[in-house]
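Take a look at the structure set out below.
The values are calculated or read from the model by the stated rules, or taken from the named source; none is laboratory data. Since the structure is predicted, the reported quantities are computational estimates derived from the model, not experimental observations. Glycine also receives a Cβ, built like all others from the backbone with ideal geometry; neighbour counts cover every protein chain displayed. Just the protein is used for accessible areas: all its heavy atoms, side chains included, with ligands, DNA and RNA removed. Shrake-Rupley method; radii C 1.70, N 1.55, O 1.52, S 1.80 Å.
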Amino acid sequence: MAAEGQQLTVIGGRSQIVSRGSRRASERIVYAVLFAAFAGVAAQLLLLTVPRHTDITLAVSEPVSATSFSRPDIVDRNGRLLATDLEAPSIFADPGLVIDRDEVVEKLSTVLPDLNGEQLLRDLADKSRRFMWVRRGVSPGIAQKVHDLGLPGISFRYELKRAYPGGMMAGHVLGYTDVDNRGVAGIERYIDDKVGVDPVHSAVLSSRPPVRLSLDIGVQHALEDELDDAGRRYKTDGAAGVVLNIKTGEILASASLPRVDPSWPTEALDKKHIDRMAGGTYELGSVFKTLTLAMAFDEGLARPDTLLDVRQPLEAGRFTVTDFHPANRPLTVTEVYTHSSNVGAGMLALEAGPEKLQAFLKKLGLLDQMQTEEGPLAAPQLPPRWNRISTITAAFGHGIAVAPLQFAVAAATILNNGMTVHPTFLRKFDAGTADGKAVVGVDTSHLMAHLMRLNVVNRDGTGGKADVPGYRVGGKTGTADVAGKGGYTSNSVISSFLATFPTDDPQYLTFVILFEPKGVEATRGRRTAGVNAAPVTGELIARIAAQLGVAPEAVAASQ
C-alpha cells in the first residue's frame, strides 16, 4: 500500500511509488516550456506583420495631426436644422505599408471611379511619406467597400463633414465648406469670420450654440417651389426671389434658380448657378419708377393728380424714349405709375435733375456696394456720366444695373415709413430698426403704398394678376430688355414684380424676377411682367401670408 501523499505507478510492468509533489513539479516544467514555445511563435508572427522601419511611429501619429474644424449648427428662425456636422470616414494611405502600388490603384478605382490613378501611383512611390489622403469625407458605404478590398497600407479615420438636411434648399445663402470643414462662402464663411470654429484632431462636435438665421423654412420652400413652377411654365433661363420683413430687415427667404447643392460646392463655380439675387447686377426696368415717384413726391415736384403730357417722346441726342403702350393723352402722376409710362417717369427725373436723382439713389444705398452676412453683393453698375439721357433712363430702370436684393432693400426703405432698412440673414429678437435714418417722409411712404395698391386693383393697372383677396397686395411690374454687346437684345427680357402686403401697413415685401421668360400659349405669346412675374407673386403671397401671421381683411375687420 502506498502511503498518504504517494501514488502507485506501473512502469514497464513493475510497480513504483511516486510522490505527488514530484509529479506537480514535473507538470509545472512542462507548462513553462510550452508557454515559452508559444510565446516565441507569437512574437515571430508579430514581427512578420511589421516592416522594419525605424520611423514606424510616424504612420500612427501623422493621421492624428491632420486638423479639421468643428462648426456650430445652422438653424432657421424657428430652430429647424439647416446645416450640421456629421462624422464621416476618410481614407488615407501609408506608402511605406503599401505592398503593390498597381493593385492598390486598380482596386481603389473600382470603388472610386473618379480617382486620379496616375497621381496616386506617383504619391505611393514616395516611401518616405508615411501619411497621405486618398479621399476625405466618404459615405459609410464607400468606406465599407474600400475596407473589404483588404489593401495593406490603406486605412481610415473619422473626420467632421458638413451635412445639409434640406438638400439644395437655401443653398446659395448657406454657402459651403472646404475639405477641412472651413467656411468658404455664404453663411458658412460668415461663421468662420464672425462666430468662430474650433480646430479638432478627431471627430469632435462643436459645443457652440447654433447660428439662428432669419430664414423661415416654410416660406423658403414656398418661394423655391413657386420659382420652380414659373421656370417650367414660362420656360425661363433662371429665376430669383426674396421675401423681406420691412420692419426688421430680416430676410425670410431668398432663392436663385438654378439652385446649388451646398454639399457639392463645385456647382457654385458654374456661371449659370450664380446667386442672381446678390451675385449679379441687372437693369430691372419699371420697378424703378417706384423710387422715381417717391423722389418726386418727397421733393414737392409733383402730386398724384399732377398732369404730365406724355404724348411726345423724350429726345436726348441720338436717343428717343417712348412708351411701350402710348396713352395718346396727358396722364396724371398716378396714371404714369399704373400705365407704367417711361416718358412720364423720365419727365419727373428731368424735373429733379441729375444731381438730385443721383443724391436720392445714394441715400437709398443703391450707388454703393452692399454687404450682408451672406457676403458682399455685386457692385452696382452706374452710368459713366449723369447727363440727360442717363437721368431719363435711370428713372425707369435702364442704364443702371444693381443686385435685385439691393433694389428690394431700397424699396423696403420707401415703404418702412421712409426709414432705412438694414437687411440681415440673422434672426432679430428686437422690435425693429431703431438705427434707421429717414430717407423720405411718412406721407410719401404711405402714398407709395397706396399707389402700389392701385396698380393691382385698378382695371388699367399692370399688376392685377398679383392680387390675393383679403391680403391688400400692392405692387409694380418691371420688364427690361436684356443688355448685350452693342445694345439691347430684341427678344430677351427680364420680367419682375415688386410687391408689398398689407398695403394699409406694409409688413412684408416680395420681389420676384424671371430671366428671359418665353411667350407661351397661356400668356398669348407675351413676355411682360404683368402676365408672368405678377401671377407668380400672387400665388406666392397666397401661400405665405397666413404663415407670416397676416390676417385676411375679413378676419381683421371682425376683430
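Take the residues in region 432-487 that are under 29 Å from the mean Cα position of the chain (by Cα) and free of Cβ contacts under 8 Å to residues at least 12 places away in the same chain; name whichever of them is surrounded by the most Cβ atoms within 10 Å (Cβ to Cβ).
My answer is Gly484.
With the structure loaded, tell me whether Asp505 is charged (D, E, K, R), modelled with pLDDT of 95 or more and open to solvent by 10 Å² or more (accessible area, probe 1.4 Å) or whether it fails that test. If you could, list the steps in order and put the result at the bottom.
Values: charged (D, E, K, R): yes; modelled with pLDDT of 95 or more: yes; open to solvent by 10 Å² or more (accessible area, probe 1.4 Å): yes.
Considered against the rule, which asks whether it is charged (D, E, K, R), modelled with pLDDT of 95 or more and open to solvent by 10 Å² or more (accessible area, probe 1.4 Å), Asp505 comes out as yes.
Pull out all pairs, ordered by first then second residue, where Cβ-Cβ is under 8 Å, the residues are six or more apart or on different chains, the first lies in region 71-90 and is in contact (Cβ under 8 Å) with a residue 60 or more places away in the chain and at negative phi, and the second is aromatic (Phe, Trp, Tyr) and not in a strand (DSSP E or B).
What qualifies is Leu82/Tyr164; Ala83/Tyr164.
Identify all residues within region 482-502 that are closer than 17 Å to Ala546 by Cβ and either out of contact with any Ser or Thr (no Cβ under 9 Å at 6 or more places or on another chain) or modelled with pLDDT under 95 (or both); write none if there are none.
The answer is Pro502, and nothing else.
Within region 154-165, work out how many residues are among the small types (Gly, Ala, Ser) and crowded, with 18+ Cβ neighbours inside 10 Å.
Initially, region 154-165 is screened for residues among the small types (Gly, Ala, Ser), giving 155, 163.
Still in the list and also crowded, with 18+ Cβ neighbours inside 10 Å: 155.
Summing the residues that are among the small types (Gly, Ala, Ser) and crowded, with 18+ Cβ neighbours inside 10 Å in region 154-165 gives 1.
Report yes if some residue within region 411-422 is small (Gly, Ala, Ser), at pLDDT 95 or above and either within 29 Å of Ala316 (Cβ to Cβ) or open to solvent by 10 Å² or more (accessible area, probe 1.4 Å) (or both); otherwise report no. Can you show your working first?
So the first thing to find is which residues in region 411-422 are small (Gly, Ala, Ser), and the list is 411-412, 418.
Checking which are at pLDDT 95 or above leaves us with 411-412, 418.
From what is left, the residues that are either within 29 Å of Ala316 (Cβ to Cβ) or open to solvent by 10 Å² or more (accessible area, probe 1.4 Å) (or both) are 411.
Yes, region 411-422 has at least one match.
For the subset of region 179-188 comprising residues that are within 15 Å of the chain's Cα centre (by Cα) and more than 18 Å from Leu223 (Cβ to Cβ), which member is most open to solvent (accessible area, probe 1.4 Å)?
Within region 179-188, the subset within 15 Å of the chain's Cα centre (by Cα) is 183-188.
So of that shortlist, the ones also more than 18 Å from Leu223 (Cβ to Cβ) come out as 183-185, 188.
Numbers: Gly183: 13, Val184: 57, Ala185: 30, Glu188: 0 Å².
Checking each candidate, the answer is Val184.
Test each condition in (1) at pLDDT 95 or above; (2) touching a Gly at 6+ places or on another chain (Cβ under 9 Å) for Lys194 and report the one that comes out false.
Every listed condition holds for Lys194 apart from (2).
Part of a loop (DSSP other than H, G, I, E, B), closer than 30 Å to Arg259 by Cα and free of Cβ contacts under 8 Å to residues at least 40 places away in the same chain: is that true of Pro113 in this structure? Outline the logic, then answer.
Working: part of a loop (DSSP other than H, G, I, E, B): yes; closer than 30 Å to Arg259 by Cα: yes; free of Cβ contacts under 8 Å to residues at least 40 places away in the same chain: yes.
Yes.
Of the conditions (1) open to solvent by 10 Å² or more (accessible area, probe 1.4 Å); (2) touching a residue at least 60 places away in the same chain (Cβ under 8 Å); (3) under 27 Å from the mean Cα position of the chain (by Cα), Pro552 clears all except one; give me its number.
Going through (1) open to solvent by 10 Å² or more (accessible area, probe 1.4 Å); (2) touching a residue at least 60 places away in the same chain (Cβ under 8 Å); (3) under 27 Å from the mean Cα position of the chain (by Cα) one by one, Pro552 breaks only (3).
Determine which member of the set Thr510, Thr479 is touching a helix residue (DSSP H, G or I) at 6+ places or on another chain (Cβ under 9 Å), over 17 Å from Arg453 (Cβ atoms) and at pLDDT 95 or above. Show your work before the answer.
Working: Thr510 fails: over 17 Å from Arg453 (Cβ atoms).
After applying the criteria, what remains is Thr479.
Going by the conditions given, is Arg129 out of contact with any Ser or Thr (no Cβ under 9 Å at 6 or more places or on another chain) and assigned to a helix (DSSP H, G or I)? So that I can check it myself, show each step before the final result.
On the way: out of contact with any Ser or Thr (no Cβ under 9 Å at 6 or more places or on another chain): yes; assigned to a helix (DSSP H, G or I): no.
Spelling it out, it is not the case that Arg129 is out of contact with any Ser or Thr (no Cβ under 9 Å at 6 or more places or on another chain) and assigned to a helix (DSSP H, G or I).
Can you pull out the residues in region 355-369 that are open to solvent by less than 30 Å² (accessible area, probe 1.4 Å) and in a loop (DSSP other than H, G, I, E, B)?
First, pick out the residues of region 355-369 that are open to solvent by less than 30 Å² (accessible area, probe 1.4 Å): 357, 360-361, 364-367.
The answer is Leu364, Gly365, Leu366, Leu367.
Name the pairs: first residue in region 181-206 and on the phi > 0 side of the Ramachandran plot, second residue among the hydroxyl-bearing types (Ser, Thr, Tyr), Cβ to Cβ under 8 Å, at least 6 apart or on different chains?
Asn181/Ser68; Asn181/Ser70; Gly186/Tyr176
Kindly evaluate Lys145 against the criterion of being surrounded by fewer than 23 Cβ atoms within 10 Å (Cβ to Cβ), among the charged types (D, E, K, R) and farther than 24 Å from Gln371 by Cβ.
Numbers: surrounded by fewer than 23 Cβ atoms within 10 Å (Cβ to Cβ): yes; among the charged types (D, E, K, R): yes; farther than 24 Å from Gln371 by Cβ: yes.
So Lys145 passes the test.
Of the residues Ala542, Ala522, which single one is in a helix (DSSP H, G or I) and more than 18 Å from Val457 (Cα to Cα)? Outline the logic, then answer.
On the way: Ala542 fails: more than 18 Å from Val457 (Cα to Cα).
Result of the check over Ala542, Ala522: Ala522.
Of the numbered conditions (1) closer than 30 Å to Asp443 by Cβ; (2) touching a residue at least 60 places away in the same chain (Cβ under 8 Å), Ala302 fails exactly one; give the number of that condition.
(2)
In region 107-142, which residues are surrounded by 12 or more Cβ atoms within 10 Å (Cβ to Cβ) and among the acidic types (Asp, Glu)? Write out each step before concluding.
Step one: list which residues in region 107-142 are surrounded by 12 or more Cβ atoms within 10 Å (Cβ to Cβ), which gives 107-109, 111-112, 115-117, 120-121, 123-124, 127, 129-138, 142.
Residue satisfying the conditions is Asp123 alone.
Does region 210-218 include one or more residues that are open to solvent by 50 Å² or more (accessible area, probe 1.4 Å), closer than 25 Å to Thr84 by Cα and part of a loop (DSSP other than H, G, I, E, B)?
At the first step, the residues of region 210-218 found to be open to solvent by 50 Å² or more (accessible area, probe 1.4 Å) are 210, 212.
When the remaining residues are screened for being closer than 25 Å to Thr84 by Cα, the result is 210, 212.
When the remaining residues are screened for being part of a loop (DSSP other than H, G, I, E, B), the result is 210.
There is at least one residue in region 210-218 that is open to solvent by 50 Å² or more (accessible area, probe 1.4 Å), closer than 25 Å to Thr84 by Cα and part of a loop (DSSP other than H, G, I, E, B).
Among what's in region 196-209 and is under 23 Å from the mean Cα position of the chain (by Cα) and crowded, with 18+ Cβ neighbours inside 10 Å, pick the residue that is nearest to Glu374 (Cα to Cα).
Val197
Find the residue count for region 73-106, including only residues that are under 16 Å from His147 (Cα atoms), part of a strand (DSSP E or B) and open to solvent by 50 Å² or more (accessible area, probe 1.4 Å).
0
In region 337-354, is there at least one residue being part of a loop (DSSP other than H, G, I, E, B) and either modelled with pLDDT under 95 or open to solvent by 30 Å² or more (accessible area, probe 1.4 Å) (or both)?
Step one: filter region 337-354 for residues part of a loop (DSSP other than H, G, I, E, B), giving 339-341, 353.
Filter once more, keeping what is either modelled with pLDDT under 95 or open to solvent by 30 Å² or more (accessible area, probe 1.4 Å) (or both): 339.
Looking for residues that are part of a loop (DSSP other than H, G, I, E, B) and either modelled with pLDDT under 95 or open to solvent by 30 Å² or more (accessible area, probe 1.4 Å) (or both), one finds at least one in region 337-354, hence yes.
Within region 223-275, which residues are modelled with pLDDT under 95 and either surrounded by fewer than 16 Cβ atoms within 10 Å (Cβ to Cβ) or not in a loop (DSSP other than H, G, I, E, B) (or both)?
Trp264, Pro265, Thr266, Glu267, Ala268, Leu269, Asp270, Lys271, Lys272, His273
Could you figure out which of (1) modelled with pLDDT of 50 or more; (2) open to solvent by 20 Å² or more (accessible area, probe 1.4 Å); (3) within 33 Å of the chain's Cα centre (by Cα); (4) hydrophobic (A, V, I, L, M, F, W, C) isn't true of Val64?
Against the list (1) modelled with pLDDT of 50 or more; (2) open to solvent by 20 Å² or more (accessible area, probe 1.4 Å); (3) within 33 Å of the chain's Cα centre (by Cα); (4) hydrophobic (A, V, I, L, M, F, W, C), Val64 comes up short only on (1).
Give region 93-114 a look and list any residue that's at pLDDT below 95 and within 15 Å of Gly137 (Cβ to Cβ), or say none.
Across region 93-114, the qualifying residue is only Asp114.
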